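Worksheet for the structure shown next.
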Amino acid sequence: MDLKQYIRDVPDFPIPGVLFKDITPLLSNPAAFCQVIDHLTRKYEQSSLDSIVAIDARGFLFAAPVAYRLGKPLVPARKPGKLPWETRSFEYSLEYGEAAIEMHVDGVGQGDKVLLLDDLLATGGTLAAATRLVESIGGEVAGVAVVIELTELDGRKGLEGYDVYSIVQY
Ligand SMILES: O=P(O)(O)OC[C@H]1O[C@H](OP(=O)(O)OP(=O)(O)O)[C@H](O)[C@@H]1O
Ligand SMILES: Nc1ncnc2[nH]cnc12
């Protein structure tokens, strides 16, 4: 199955000049969604991971079923002000604005091997911030995975030294 059939291009969203990759058709097709979850599960089932860090918000949609299938703890990395316990924060730039990401300081243990999971890699700002955040609370980034990679934006540049994996590239 060609997953690109289920990824819709929306020009000028959320601001002029951005070609938004809409994953809602993929989410609403059970076979396509299942293919993505199976793919990521197979890719990481032999890896020695301690937890899956899920990036707010679209990353949650993929990370939760993958964590469930792998039998691993699911740790949310959230937009500011959403987590109730003691947090660590990291600010970064997005393709369409400024942002920050937060995790609970006890979300990841010292030396834990973590897989970061998100829906999409664009400039890489979000995932680069997430790697710093995980490391700042003592975790080790064992891998970074996304469903979609926008190669022209060269998000991998900010993730040098990490094992970055994408299912679909544009
Ligand atoms: O590689 P980058 O340039 O950092 O962009 C990628 C990020 O942008 C989107 O998140 P966004 O915060 O826009 O929205 P969401 O809450 O819908 O996931 C996307 O889900 C990635 O997390
Ligand atoms: N072009 C894009 N489409 C969907 N999500 C995004 N996040 C950052 N850039 C994006």
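Below, the figures for the structure above:
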{"read-out": "Given charges at Cβ of Lys, Arg, Asp, Glu: the chain dipole, positive-most of Leu61, Gly109, Leu94", "value": "Leu61"}
{"read-out": "Amide proton proximity set for Val75, modelled H, under 5 Å, gap of 5+", "value": "Ile52, Val53, Ala54"}
{"read-out": "Taking the chain and dividing mean pair separation by its residue count, relative contact order in percent (alpha carbons under 8 Å, at least six apart)", "value": "17 percent"}
{"read-out": "When each of Lys43/Lys113; Lys21/Lys82; Lys21/Lys113; Lys43/Lys79; Lys21/Lys79 is checked by Cα-Cα distance, pairs over 23 Å", "value": "Lys21/Lys82; Lys21/Lys113; Lys43/Lys79"}
{"read-out": "5 angstrom amide H check on Thr123, placed H, neighbours 5+ away", "value": "Glu95"}
{"read-out": "Pairwise FRET efficiency - Gln169 versus Ser28, Cβ, R0 = 30 Å, nearest 0.05", "value": "0.85"}
{"read-out": "Under DSSP loop assignment and at most 14 Cβ neighbours within 10 Å, longest GluC sites (Glu not before Pro)-free interval of the chain", "value": "87-159"}
{"read-out": "DSSP beta bridges in the range 47-169 [antiparallel fraction, %, rounded to 5]", "value": "30 percent"}
{"read-out": "Prolate/oblate/rounded call for the chain, Cα gyration tensor, a/c under 1.5 rounded", "value": "oblate"}
{"read-out": "Pairwise label distance in nanometres, Arg69 with Asp2, each label 7 Å out on the Cα-Cβ vector", "value": "2.3 nm"}
{"read-out": "Per DSSP, loop chymotrypsin sites (Phe, Trp or Tyr not before Pro) in the range 44-133 with at most 13 further Cβ within 10 Å", "value": "Trp85"}
{"read-out": "For Tyr165, distant residues with modelled amide H under 5 Å away", "value": "Val144, Ala145, Val146"}
{"read-out": "Cα-centre dipole for the range 47-169 with unit charges at Cβ (Lys and Arg positive, Asp and Glu negative), debye to 20", "value": "320 debye"}
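Throughout, read-outs are computed from the coordinates displayed, never taken from laboratory work. Bear in mind that the values here come from a model prediction, so they are computed numbers and not experimental data. Ideal geometry is used to build each Cβ from the backbone, glycine not excepted, and the neighbour counts take in all protein chains shown.
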